[in-house]
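What follows is a set of notes on a single structure, which appears directly below.
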4 protein chains.
Amino acid sequence: MAKGLFTKILVPVDFSPCSVEAFRTALSLAEVTQADVLLIHVIDTTALDAFNRLGLLAVPSDTAAQKRRLRHHARLNVRQLLESVSASSVTVGRMILEGAPFVEIAKTTRAEKVDLVVMGSYGGRADRMDKIFFGSTAEKVVRTAGCPVLTVPLPGKTSR
Amino acid sequence: MAKGLFTKILVPVDFSPCSVEAFRTALSLAEVTQADVLLIHVIDTTALDAFNRLGLLAVPSDTAAQKRRLRHHARLNVRQLLESVSASSVTVGRMILEGAPFVEIAKTTRAEKVDLVVMGSYGGRADRMDKIFFGSTAEKVVRTAGCPVLTVPLPGKTSR
Amino acid sequence: MAKGLFTKILVPVDFSPCSVEAFRTALSLAEVTQADVLLIHVIDTTALDAFNRLGLLAVPSDTAAQKRRLRHHARLNVRQLLESVSASSVTVGRMILEGAPFVEIAKTTRAEKVDLVVMGSYGGRADRMDKIFFGSTAEKVVRTAGCPVLTVPLPGKTSR
Amino acid sequence: MAKGLFTKILVPVDFSPCSVEAFRTALSLAEVTQADVLLIHVIDTTALDAFNRLGLLAVPSDTAAQKRRLRHHARLNVRQLLESVSASSVTVGRMILEGAPFVEIAKTTRAEKVDLVVMGSYGGRADRMDKIFFGSTAEKVVRTAGCPVLTVPLPGKTSR
């Protein structure tokens with residue numbers, strides 16, 4: 001009956017507890033609105049490139065091996081995340097992308113005609129002091145997505 | 001059937017087109033999740049006080065009259081907004097508060113056990129150049145609300 | 001001897017303690033670098049317009065009187081601020097503008113070939129809870145000025 | 001003559017062109033104010049840890065080797081940066097730290113009684129689209145440093 005409220009929900013995940021919570025919320029929302037879900041993970045190659053410039057690589061030729069490992073683990077993590085949620089009637093697509101997370105999210109939102117983005121407020125790097133800062137990826141997505149964005153805080157914060 | 005996903009949805013409005021759009025989205029969401037909606041408007045007395053310090057008042061005794069006028073118009077605007085939406089099955093409460101908007105929104109979220117805030121990304125002050133900036137009230141609410149926050153962009157941006 | 005490090009320093013003030021501190025810091029810097037200082041105050045007409053839309057005005061014709069009062073007080077405040085600083089060898093220009101503060105600051109920076117902006121981190125509206133947020137005008141100026149920006153915190157914070 | 005305006009200037013660098021520009025500006029300022037400069041580089045171990053959780057490491061025991069390499073390169077980069085600036089009368093200290101950059105910068109500011117931080121507005125990860133966003137480390141430092149912060153934009157932007 002709420003068909004049409006949302007038709008395609010994008011959920012960018014970095015596998016942090018906060019992004020897993022966002023994925024669960026997205027599935028519930030998709031169920032009541034009969035929307036499809038598109039799960040994406042963006043391998044942050046801009047950060048990786050920065051690290052490599054700072055000396056992370058033992059030998060420069062390692063760069064291909066690095067990305068292969070990250071892609072492999074991303075696929076495993078996405079599969080594990082999809083298996084962790086109980087079977088629902090929601091259609092879930094998946095994509096693994098490489099680049100600057102917020103740029104790829106904004107592009108995918110437009111290319112896939114997404115009408116809602118659901119994402120964790122904080123990424124995997126949030127330490128205690130960092131919690132006073134809004135996750136910079138979420139903030140950038142809100143500014144650039146061009147569609148409604150639902151930010152979901154760290155699990156447990158909701159009921160506080 | 002989606003009962004429990006959200007039970008109380010807070011919608012802070014400043015009567016800008018963007019906040020009216022957020023209110024409509026909140027009503028649709030409330031319908032499918034069988035949630036109640038709480039519509040609030042916060043009279044930004046911190047900004048008003050700043051203006052008065054800078055010389056806005058003709059005579060200092062005007063301050064009570066100023067606030068009376070703003071309260072009166074807030075009541076009218078809220079009533080008009082509620083009448084503008086077609087009759088739905090959703091229960092809508094209303095509150096008019098005074099203070100710093102994001103502080104009052106964060107307080108109300110906790111006091112009223114709100115589990116979703118829906119608000120416009122941009123307030124009534126957004127000019128062209130300002131659009132590259134995420135509305136500072138929305139940003140502060142995402143950081144401080146402690147519950148999921150759905151930000152809704154300017155009407156028409158959704159389909160772009 | 002440090003001639004050329006900075007030649008024209010822009011100081012936007014809102015007459016808050018923080019902006020007065022920024023003005024003092026700018027004068028000290030101007031002295032050692034032999035730069036000129038340009039003091040500006042922007043009457044935030046976008047906020048005033050928002051208030052008027054919300055019912056601040058008793059009668060619509062008051063709008064001209066409002067702006068006259070704000071301009072008059074801005075001139076008084078600027079004069080008082082200039083008199084409060086002890087006579088120095090620094091040349092200080094002054095301008096009173098109207099519009100959205102960060103837009104006018106960015107425009108003036110380019111039009112006047114400013115090579116340093118010095119401003120308070122927090123404006124006159126900072127309450128306790130607001131202090132965890134970087135003043136949104138300062139933040140926007142850092143993003144848009146196109147030249148170095150020195151942000152000065154609330155007086156007394158420096159020595160902490 | 002401007003002794004006392006600043007006594008200790010902290011310059012966090014990530015070796016991006018923008019941070020090198022900030023270092024040059026800091027040296028010029030230190031010269032006219034007779035301040036000391038403290039150059040620091042923070043190895044972003046929170047980002048590294050995130051990458052390792054996502055599968056960057058071939059074998060878990062590599063983590064020590066990773067950090068050794070990053071430390072070694074940081075020392076080389078700092079030395080090279082110090083050699084690149086023409087001999088000046090300014091005393092420059094150096095520190096290499098590990099952790100979340102803005103947290104280590106805020107701690108060092110307090111521990112070393114720094115009275116000015118000079119840093120690039122954008123870090124090494126700024127791509128074209130990212131330029132509309134203020135570098136998140138710089139933004140966090142402005143909010144947490146508790147002392148004046150001079151942000152320096154990408155080289156070449158100054159003269160625009």
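Under the criterion of Cα pairs below 8 Å and six or more residues apart, the relative contact order for chain B equals 33 percent. In terms of its alpha-carbon gyration tensor, region C:14-68 comes out prolate; a/c meets the 1.5 threshold, and the first ratio a/b outweighs b/c. Working value for the protein assembly as shown: equivalent-ellipsoid semi-axes of 40, 38, 17 Å, each the square root of 5 times a Cα gyration tensor eigenvalue, largest first. For B:Ile43, the residues 5 or more places off, or on other chains, whose built amide H falls under 5 Å of its own are B:Leu97, B:Glu98, B:Gly99. Per residue, the solvent-accessible area of chain B (1.4 Å probe, heavy atoms of protein chains only, all protein chains present) comes to 43 Å². For region B:28-95, calculate the relative contact order in percent as a whole number, restricting contacts to Cα pairs under 8 Å that are 6 or more residues apart. In percent, rounded to a whole number, it is 67.
Need one value for A:21-31: mean number of C-beta atoms belonging to other chains within 10 Å of its residues' C-beta atoms. Show your work: numbers first, answer last.
Working: counts 1, 1, 0, 0, 4, 0, 0, 5, 8, 0, 4.
Average per residue, whole number: 2.
I need the calculated FRET efficiency for the pair C:Arg24 and D:Arg79, taking r as the beta carbon distance and R₀ as 45 Å, to the nearest 0.05.
Details: r = 38 Å, r/R0 = 0.84.
Computed FRET efficiency for C:Arg24 and D:Arg79: 0.75.
Counting only residues 5 or more places away or on other chains, whose amide H sits under 5 Å from the amide H of A:Leu116 once H atoms are built in the peptide plane? Those lying under 5 Å, H to H, from A:Leu116 are A:Lys8, A:Leu10. The aspartates and glutamates whose alpha-carbon is closer than 14 Å to the alpha-carbon of B:Lys67, local same-chain residues fewer than 8 away aside, are B:Asp44, B:Asp49, B:Glu98.
Placing +1 at every Lys and Arg Cβ and -1 at every Asp and Glu Cβ, with all other atoms neutral, what dipole size does chain C have around its Cα centre, in debye to the nearest 20? Mind showing how you got there, number by number?
Numbers: 21 positive and 15 negative charges, 6 e Å.
Result for chain C is approximately 40 debye, rounded to the nearest 20.
Using a 1.4 angstrom probe on protein heavy atoms only, the contact between C and D buries about 2400 square angstrom of accessible area, both sides summed.
Of C:Lys8/C:Lys107; C:Lys107/C:Lys140; D:Lys8/D:Lys140; A:Lys8/D:Lys140; B:Lys140/C:Lys107, which sit over 23 Å apart, Cα to Cα?
A:Lys8/D:Lys140; B:Lys140/C:Lys107
Quantify, in whole percent, the carbon and sulfur part of the accessible surface of region D:1-113 (1.4 Å probe; protein heavy atoms only). Don't skip to the end; give the middle numbers.
Details: 2700 of 5220 Å².
C and S fraction of accessible area: 52 percent.
What does the average come to when, for each residue of peptide D:67-76, you count the partner chain Cβ atoms lying within 10 Å of its Cβ? Let's see the in-between values first.
Working: counts 1, 1, 6, 4, 1, 1, 5, 2, 1, 1.
What the average comes to for D:67-76 is 2.
Taking amide H positions as modeled 1.01 Å from N, with prolines and chain starts lacking one, no residue 5 or more places away or on another chain lies under 5 Å from B:Val85.
Per residue of D:137-145, other chain Cβ atoms within 10 Å of the residue Cβ number 5 on average. Taking every protein chain into account, the 1.4 Å probe leaves A:Arg69 with about 70 Å² of accessible area, to the nearest ten. Label-to-label distance, D:Asp49 versus A:Asp49, with points set 7 angstrom from Cα along the beta-carbon direction: 2.7 nm.
With θ taken as phi - 60° and the Karplus curve 6.51 cos²θ - 1.76 cosθ + 1.60 applied, the whole-hertz 3J(HN,Hα) list for region C:106-121 is 4, 4, 5, 4, 6, 4, 9, 6, 6, 10, 7, 10, 10, 8, x, 5 Hz, x standing for glycine and proline.
Each label was represented as a point 7 Å from its Cα along the Cα-to-Cβ direction; for A:Lys67 and C:Lys67 these points are 5.6 nm apart.
Comparing C:Ala145, C:Ala58, C:Ala100 in a Gaussian network model of chain C, where Cα atoms under 10 Å apart are tied by springs, the biggest mean-square fluctuation is seen for C:Ala58.
In a simple Cβ point-charge model (Lys, Arg +1; Asp, Glu -1; nothing else charged), the protein assembly as shown has a dipole of about 0 debye relative to its Cα centre. Here's the picture: charge each Lys and Arg Cβ at +1 and each Asp and Glu Cβ at -1 in region B:4-68, and of B:Leu56, B:Ile9, B:Gln34 the one pushed furthest to the positive end of that dipole is B:Leu56.
Across region B:42-58, coupling constants 3J(HN,Hα) worked out from phi with the 6.51/-1.76/1.60 Karplus curve, θ = phi - 60°, read 9, 6, 6, 5, 5, 5, 5, 4, 4, 4, 5, 4, 8, x, 5, 6, 6 Hz, and Gly and Pro carry x.
So what's the net charge close to D:Ala58: Lys and Arg +1, Asp and Glu -1, counting the other residues with Cβ under 12 Å from its Cβ?
Taking every Cβ under 12 Å from that of D:Ala58, the sum is 0.
The values are calculated or read from the model by the stated rules, or taken from the named source; none is laboratory data. In this text, all values refer to a predicted model and were calculated from it rather than measured experimentally. As a convention, Cβ positions derive from the backbone with ideal geometry for all residues, glycine included, and neighbour counts pool all protein chains shown. For accessibility, only protein heavy atoms count, side chains too; no ligands or nucleic acids. Shrake-Rupley method; radii C 1.70, N 1.55, O 1.52, S 1.80 Å.
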